[in-house]
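The values are calculated or read from the model by the stated rules, or taken from the named source; none is laboratory data. Values in this document were obtained by computation on a predicted structure and should not be read as measured data. Counting neighbours? That spans all protein chains shown, and the Cβs are built from the backbone with ideal geometry, glycine included. Ligands, DNA and RNA are stripped out before the accessible areas are found, and what is left, the full protein with its side chains, is counted by its heavy atoms. Shrake-Rupley method; radii C 1.70, N 1.55, O 1.52, S 1.80 Å.
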Amino acid sequence: QVYRSLGLNQSEIDAYFTGPAFLAWNRMGNLHGWAGPLPPAWHVKQLYLQYRIVERMRSLGMITVLPAFAGHVPQGVLRVFPRVNATRLGGWSHFDCTYSCTYLLDPEDPMFQVIGTLFLKELIKEFGTDHVYSADTFNEMTPLSSDPAYLSRVSNAVFRSMTGADPEALWLMQGWLFQHQPDFWQPAQVRALLRGVPLGRMIILDLFAESKPVYQWTESFYGQPFIWCMLHNFGGNHGLFGTVEAINHGPFVARSFPNSTMVGTGLVPEGIEQNDMVYELMNELGWRQEPLDLRSWVTRYAERRYGAPNAAAASAWQLLLRSVYNCTGVCVNHNRSPLVHRPSLRMDTELWYNTSDVYEAWRLLLSASAELGSSPTFRYDLVDVTRQAAQQLVSDYYLSIRWAFQSHVLPELLTAGGVLVYDLLPELDSLLSSHSLFLLGRWLDSARAVATSDQEAEQYELNARNQVTLWGPSGNILDYANKQLGGLVLDYYGVRWSLFVSALVESLNSGSPFHQDQFNQAVFQVERGFVYNKKRYPAVPAGDTLEISRKLFLKYYP
């Protein structure tokens with residue numbers, strides 16, 4: 001509405017917004033246009049959804065945060081206001097200027113205040129306000145200058161555009177940029193950006209505090225209040241993971257830091273619906289005076305989760321607690337398993353834990369299934385732990401495949417490759433397909449459900465498929481948001497592995513070397529083919545989870 005009122009035409013606005021699956025990166029100035037344009041019906045439905053969200057939040061006493069103007073503008077602004085001072089930022093991640101290199105309005109240009117204040121007034125008119133606004137001008141984008149005076153002027157201009165619409169404005173900002181580009185954000189630069197806003201009128205989310213806290217090297221954000229946040233998950237990946245010791249101690253260490261400005265705890269996962277235990281733990285810590293005894297906590301957790309005490313289940317959780325959930329040092333939860341990545345001869349199989357702990361937890365959970373099998377949360381966890389065991393097994397078969405190829409042992413290559421492609425991956429797919437929360441069909445159908453026409457449904461489905469696979473037109477951030485879902489394992493990961501094993505067999509048979517570049521070109525056709533295959537996937541589970549897990553166990557338990 002603001003852009004139209006300023007004189008931009010619809011095609012200029014359409015060229016700016018991304019498709020729904022990529023809007024977060026559009027708002028932070030990383031991308032424009034990709035997987036768009038947004039249909040008119042999208043805006044209407046989002047508006048009504050926002051009404052409901054805001055009303056529900058306020059009814060529960062929650063404080064809503066509205067998005068403010070961060071300075072990124074459509075190219076059309078330059079046509080309407082040719083004398084405006086806007087600069088093109090560089091490309092983001094592996095995107096070129098077709099979909100990246102956003103225009104950033106100079107915060108000192110008068111138009112910055114005009115657009116910023118106009119936008120906020122429009123928002124407040126629509127939704128009312130609780131006076132907290134979010135804006136991220138430089139998230140993973142390098143500023144034009146490292147001059148502290150410039151950075152102070154930028155943050156001051158962003159803040160002024162907020163107070164122009166709401167004199168009581170508080171600016172909520174992600175602190176990710178400081179640890180993401182530490183070479184640029186030296187103490188002087190961080191201080192300048194933060195101190196461009198009056199003390200107490202900005203709240204920083206120390207976004208990845210469990211692994212890379214920023215408050216420690218910025219004198220507690222130079223006096224601005226901050227929230228100690230657990231990020232935990234990137235890309236909504238599946239995979240058992242947690243940094244329980246860092247979570248259990250971190251918030252308390254931050255509170256007792258000299259001149260600490262910590263005002264709360266937060267959860268900021270990129271994707272949720274995985275590793276429930278970690279979120280349960282983090283939420284509980286916000287109410288505590290001191291760290292928990294994790295071993296007794298996790299025993300009670302298993303009992304609460306399954307609705308009954310069970311010795312085998314409690315033992316399984318003790319093993320998971322000390323292994324997958326106990327990553328120490330700088331841990332980044334991005335699933336690096338060969339299962340969910342494009343095959344090559346140089347894949348990472350290193351883990352931070354002992355795989356035998358997961359296999360044993362799997363055995364213990366299965367032994368508890370007679371007593372706990374009717375609990376939905378138990379069935380979910382059984383799928384998840386079985387899935388983790390299968391993921392570990394994929395790495396073992398990959399190492400056998402690689403060894404056989406490099407040692408020129410064709411029979412061994414055929415055996416290991418055959419088991420992986422024709423048995424293990426199909427079995428994993430059928431396990432995932434037995435539970436509604438692990439279905440590709442559910443993921444795709446929920447995207448289609450937002451549509452008001454067949455054409456929209458196609459676009460939303462392509463958004464949903466692209467996000468979990470290629471993440472961009474050409475695999476720009478390939479497999480960043482990988483998921484282990486029934487349908488995806490067989491038709492995407494499985495087909496890739498099949499092509500890889502075939503290429504290695506062909507190489508040994510013909511005596512010609514395996515070329516990764518040639519393979520990448522061939523496998524890209526498979527990956528892209530999956531995004532556009534239009535195949536319908538069931539949104540209803542099939543098969544008995546307990547039976548399938550037991551069958552996998554009897555076949556594969558080491």
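Some observations on this one:
- Filtered residues of region 397-417 (kept if touching a residue at least 40 places away in the same chain (Cβ under 8 Å) and either open to solvent by 10 Å² or more (accessible area, probe 1.4 Å) or not in a helix (DSSP H, G or I) (or both)): 399, 402, 405, 406, 408, 410, 414
- From 532, 480, residue being surrounded by 17 or more Cβ atoms within 10 Å (Cβ to Cβ), touching a residue at least 24 places away in the same chain (Cβ under 8 Å), assigned by the TED database to the domain that holds residue 435 and hydroxyl-bearing (Ser, Thr, Tyr): 480
- Residue that is surrounded by the fewest Cβ atoms within 10 Å (Cβ to Cβ) [pool: residues in region 318-354 that are polar (S, T, N, Q), farther than 25 Å from residue 527 by Cβ and under 25 Å from the mean Cα position of the chain (by Cα)]: 328
- Only listed residue being out of contact with any Asp or Glu (no Cβ under 9 Å at 6 or more places or on another chain), assigned by the TED database to the domain that holds residue 50 and either within 19 Å of residue 215 (Cα to Cα) or without any contact (Cβ under 8 Å) to a residue 60 or more places away in the chain (or both), chosen from 127, 159: 159
- Verdict on residue 394 being within 25 Å of the chain's Cα centre (by Cα) and outside any helix (DSSP H, G or I): no
- Residue within region 381-390 that is surrounded by fewer than 18 Cβ atoms within 10 Å (Cβ to Cβ), in the same structural domain as residue 534 (by the TED database), touching a residue at least 12 places away in the same chain (Cβ under 8 Å) and part of a helix (DSSP H, G or I) present: no
- Residue 421 crowded, with 17+ Cβ neighbours inside 10 Å and touching a Gly at 6+ places or on another chain (Cβ under 8 Å): yes
- Breaking point among (1) assigned to a helix (DSSP H, G or I); (2) among the charged types (D, E, K, R); (3) within 26 Å of residue 175 (Cβ to Cβ), for residue 290: (1)
- Selected residue (only one of 147, 136, 109, 96 is of a type in the set (Asp, Glu) and surrounded by 18 or more Cβ atoms within 10 Å (Cβ to Cβ)): 136
- Cβ-Cβ contacts under 6 Å between residues 6 or more apart (or on different chains), taken from a first residue in region 75-102 that is under 16 Å from residue 14 (Cβ atoms) to a second residue that is assigned to a helix (DSSP H, G or I), are listed as 76/12.
- Condition check for residue 496: open to solvent by less than 20 Å² (accessible area, probe 1.4 Å), assigned by the TED database to the domain that holds residue 429 and charged (D, E, K, R): yes
- When residues of region 56-93 are limited to those that are among the small types (Gly, Ala, Ser), farther than 22 Å from residue 476 by Cβ and within 26 Å of the chain's Cα centre (by Cα), the one surrounded by the fewest Cβ atoms within 10 Å (Cβ to Cβ): 70
- Residue within region 177-198 that is open to solvent by less than 40 Å² (accessible area, probe 1.4 Å), among the acidic types (Asp, Glu) and not in a helix (DSSP H, G or I) present: no
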